[in-house]
Amino acid sequence: MNLLIPVILQLAGIGIIIAEIIIPSGGILAILAVGIFAYSLYMVFIDISVAAGMIFLIIDLITIPVLIILGLKFIARSPVTLRETLSREQGVTSQSEDMDQFSGLEGIALTDLRPSGMALLNDRRTDVVTRGEYLDKGTPVVVVKITGNQIVVKKQTQTQTQS
C-alpha cells in the first residue's frame, strides 16, 4: 500500500483542526480529527512499517500543538475578538453622572426595603437597597454608599439627624 491515503487523511485531520479553531463545534470536530489521525496512523503502522508509523506519529506530535497555538494566536488577533478596553477616557462609565448627588443624602423609605425598594431622596423616587436588613415603609434612611448604579442605604439613627 502506498502513503497517499494516510497522507491525505493526515492533511484532512489538519484541516479539521483548523476548522475546529475557527468554527465552535463543542469538540465534535476535534473528536473527528483525532479519529482521522488515529486511523491514518493505524494504516501506516499496519500496512507500511513501524518506522514510517513512528515518523508519522512524531510529525503529528509536533504539528498538532503548533497548529493549535498558532490558531489561538490568530483568533486573538482576528477582527471577531474584542480588542478594546472600555475606559473613562473614552467616555464610558458604569455609573450615571447624577448618582454622585445622592452621597450622604437623607430620605424616607417609600416601600418596605427587603432589602431593595423605593425611597424618597431629594424629592425624587429612587431605587435603593440596604446591606441586607429589612426596613419598614416610612423609615428614615441615609445613603451610605453608591456602587455602580446601586444606592445603598441604612436606617438613619438619631445621632445622624442631630448633626
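Bear in mind that the values in this text are calculations on the coordinates, not laboratory data. Only a predicted model underlies this, so the values are computations on that prediction, with no experimental measurement involved. Don't worry about glycine lacking a Cβ; one is built from the backbone with ideal geometry, like all the others, and counts go over all protein chains shown.
Got the relative contact order for the chain handy, in percent, Cα pairs under 8 Å and 6 or more residues apart?
14
Given H placed 1.01 Å from N in the peptide plane, which residues other than close sequence neighbours of K137 have an amide H under 5 Å from its amide H?
The answer is D112, L113.
Mind listing the long-range amide H neighbours of I108? Cut-off is under 5 Å, sequence gap 5 or more, other chains count too, H placed in the peptide plane at 1.01 Å from N.
L120, V141
Give me the net charge for the shell around E133: Cβ to Cβ below 13 angstrom, other residues only, Lys and Arg +1, Asp and Glu -1.
My count for the surroundings of E133 gives +2.
For the range 4-77, what's the relative contact order in percent, using C-alpha pairs closer than 8 Å and at least 6 residues apart?
Relative contact order comes out at 35 percent.
Which distance in Å, rounded to a whole number, links the C-alpha centroids of the range 25-86 and the range 112-156?
57
Of the listed values [x] 0.92; [y] 1.48; [z] 1.00, grab the one calculated as Rg/Rh (Cα atoms, Kirkwood Rh) from the structure here.
[y]
If I model a spin label as a point 7 Å beyond the Cα along the Cα-Cβ vector, how far apart are those points for L11 and R77 in nm?
Result for the modelled spin labels: 2.6 nm.
Across the range 68-76, in residue order, what do the Karplus-derived ³J(HN,Hα) couplings come to in whole Hz, using 6.51 cos²θ - 1.76 cosθ + 1.60 with θ = phi - 60° and x for Gly and Pro?
5, 5, 5, x, 5, 5, 5, 5, 5
Assuming a strict under-21 Å limit between Cα atoms, what lysine pair count do you get for the chain once near-sequence pairs (fewer than 8 apart, same chain) are dropped?
The number of close lysine pairs in the chain is 5.
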